[in-house]
Amino acid sequence: AEFMMIDDIPVEIQGEKNVLELIRKAGIDLPTFCYYSELSVYGACRLCVVENKWGGIEASCSTIPKAGMEVYTNTPRLRKYRKMILELILANHCRDCTTCEKSGTCKLQELAMRFGIKEVRFENTKKDLPMDTSSCCIVRDETKCILCGDCVRMCDEVQNVGAIDFVHRGSEMRIGTAFHQCMAKSNCVGCGQCAAVCPTGAIVVKNDTASIWKELGDPQAKVVVQIAPAVRVAIDEALGQKNGKNVMGKIVAVLRRMGFNEIFDTSTGADLTVLEETNEFLKRLEKNERLPLFTSCCPAWIKYAENKHPDLLQNISTCRSPMEMFGAVLKEHYKHSNKRVVVVAIMPCTAKKAEAARDEFKVEGTPYVDYVLTTQELIQMVRESGLVFDEMEPEAVDMPFGAPSGAGVIFGVTGGVTEAVIRRVADDKSINMLRTLAFKGVRGMEGVKETSIPFGEQTLHIAVVSGLANAEVLIQQIKSGEKHYDLIEVMACPGGCIGGAGQPFADREQKAKRGQGLYETDRMSSIKRAEENPVILSLYQGLLKGKVHELLHVEYKG
Ligand code: HC0
Ligand code: SF4
């Protein structure tokens, strides 16, 4: 075994990419603004500096650990250096913390507290720039930007979008879009991953909670809400436990107390999607046309395809996302209500806000889904209400839509849509087939997964990707003829919806726990397959009769 010395204590090197990871493994929470293990190392914030035995100072994030190396993490020089960096950042930073969207989760605020910064000795030379509120998904406030570049690297390296980049040089340097366009006109796909890694309030998720409170207070409004699969395994991280367990029952209880009139599960919509998407897949297989079939539930992926691969739009499933399917079903179901029906969707996702606002999902200007709230916004509303989430007694969702199948619940994790579809198309319907399917390569946090299943005389080749840069690699391989697939599931956020930018921030390990939480729910569901959900059957015989195309499918106009 190889060791290096950290603060005079030997620590074993076990393949850590840099000294910073080793220091953190040793239980020392060295601060950083610009380090994320899934992004390239930028080394700009200099907070992670360490001192070597000769008194040299170096950034630990960009130093490779070597046997025999000796570093110190907490010397008087380093403390002074870190304080100085923080003070310089704070000098050029808006300091209206109490009214900032990021207050409480801001890294700069946290470090200023940790390092006991009580005064800032430098003058603020930063220009006062207006906020960019043009996007439905994110809000940019450049006065809070500390130029760590996390957003730029996320957008480029993980999402292959490149909507934002450094512009100008020296003291004029800032983050901007191509041709200085507003976010809404840029090629941003709304995934929100930049906001998820932004350490300050420079990029935040758009907050729509005020509109919801207003609707809840309006006696003329019937406020109906649907809850996405991934929300139930993440909300508790901010309001209770961090174990990734499904707390859907508590969410339902809290929403009822807050005044929502009818509460449903988006997974019911996912059950509809399974049936529709499988039909479509089987038809295309039969005719051998428009293959591979790409899934269509992720709105950031749809936007990405529209921007970069319009030729692939014909391959994308015509199924609306579960949220939009269910939104349309709900509006249809309540169309004779004597109240104004407002459909709210609680999602792990920022791009869903833009999806809900698309013209394709409006009838005479009225959207099927009126508002999308992220998990984080719901957390804020729960806190504001004063209801103690941890003490809520779990309750069930409302009829007539009731509980979904397990297949509809696992939609929230990468590979879930695929697994749900395979359950339906596979010839073998035994419980053993279900069990082995879990080990066929569709589960797990990897960004690219492949599997194949027997189908009659054929073998179906299936790929599952999360992170748009991973999708891009796959698309190039397909276009060059190097790879062939029949079905491809694409989710923009690493890990799928559980890793959505609307969720509390999570590392890979925490995302994996959320995934396990959804699989556990599936294990505990007596109905595993979408087609066995009696609610879905009655919908096809009733409300959806003659309206399947109108309510469940879409043609994107670009
Ligand atoms: Fe998802 Fe969905 S699973 S996109 O990941 O398909 O956001 O959770 O609600 O619509 O069901 C997000 C999560 C959903 C939809 C579903 C799908
Ligand atoms: Fe890039 Fe996504 Fe942020 Fe848009 S929301 S700028 S696509 S990371």
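Of the chymotrypsin sites (Phe, Trp or Tyr not before Pro) found in segment 396-494, those that fall in a DSSP loop while having at most 13 other beta-carbon atoms within 10 Å are F439. Summing Cβ point charges (Lys, Arg +1; Asp, Glu -1) relative to the Cα centre of the chain gives a dipole of roughly 680 debye. The C-alpha atoms of the chain define a longest principal axis, and helix 375-385 lies at about 80 degrees to it. Peptides 498-505, 428-435 ranked from most to least packed, by the mean per-residue count of other Cβ atoms within 10 Å: 498-505, 428-435.
Distant-in-sequence amide contacts of H553, defined by a placed amide H-H separation under 5 Å and a gap of 5 or more residues or a different chain, comprise R320.
Placing unit charges on the Cβ atoms only, positive for Lys and Arg and negative for Asp and Glu, gives segment 347-443 a dipole magnitude near 660 debye about its Cα centre. DSSP finds beta bridges in the chain, and of those with both partners inside it, around 55 percent are antiparallel.
Once you reduce segment 421-470 and segment 345-379 to the center of their Cα atoms, the two points are 30 Å from each other. Counting only residues at least eight positions apart within a chain, or on another chain, the lysines with an alpha carbon under 18 Å from that of K449 are K440, K483, K511. In whole angstrom, how far apart do the alpha carbon centroids of segment 107-180 and segment 229-264 sit? Spelled out, the Cα-based centre of one part sits 32 Å from the other. Within the same chain, aspartates and glutamates fewer than 8 places from K127 are excluded, and of the rest, those with a Cα less than 19 Å from its Cα are E87, D96, D141, E142, D165, E172. Placing unit charges on the Cβ atoms of the charged side chains and taking the dipole of the chain about its Cα centre, the candidate lying farthest along the positive direction among M381, P76, I527 is P76.
The C-alpha atoms of the chain define a longest principal axis, and helix 299-308 lies at about 80 degrees to it.
Here segment 308-322 and segment 273-300 have alpha carbon centers that stand 9 Å from each other.
The trypsin sites (Lys or Arg not before Pro) of segment 150-216 that meet both conditions, a loop assignment by DSSP and at most 12 other Cβ atoms within 10 Å of the site Cβ, are R169. Shown in residue order for segment 119-124 are the 3J(HN,Hα) couplings computed by the Karplus curve 6.51 cos²θ - 1.76 cosθ + 1.60 at θ = phi - 60°: 8, 10, 8, 10, 7, 7 Hz (x for Gly and Pro). Here the spin labels are modelled as points 7 Å beyond Cα on the Cα-Cβ line, and at V448 and E482 they lie 0.7 nm apart. The trypsin sites (Lys or Arg not before Pro) of segment 315-373 meeting both criteria, a DSSP state outside H, G, I, E and B (loop) and at most 13 other C-beta atoms within 10 angstrom of the site's C-beta, are K335, K339. With each label modelled as a point 7 angstrom along the Cα→C-beta vector, the E531-N432 pair spans 2.1 nm. Placing pseudo-labels 7 Å out from each Cα toward the beta carbon at Q458 and Q181 gives an inter-label distance of 3.8 nm.
Dividing the mean sequence gap of close Cα pairs (under 8 Å, 6+ apart) by how many residues the chain holds gives a relative contact order of 15 percent.
Considering only GluC sites (Glu not before Pro) in DSSP loops that have at most 16 other Cβ atoms within 10 Å, the longest stretch of the chain without any of them is 124-288.
Readers should treat all values here as calculations from the given coordinates under stated rules, not as data from a laboratory. This one's a predicted model, so the numbers in the text were calculated from it and none came from an experiment. Methodologically, a virtual Cβ is constructed for each residue, glycine included, from the backbone with ideal geometry; neighbour enumeration extends over all protein chains shown.
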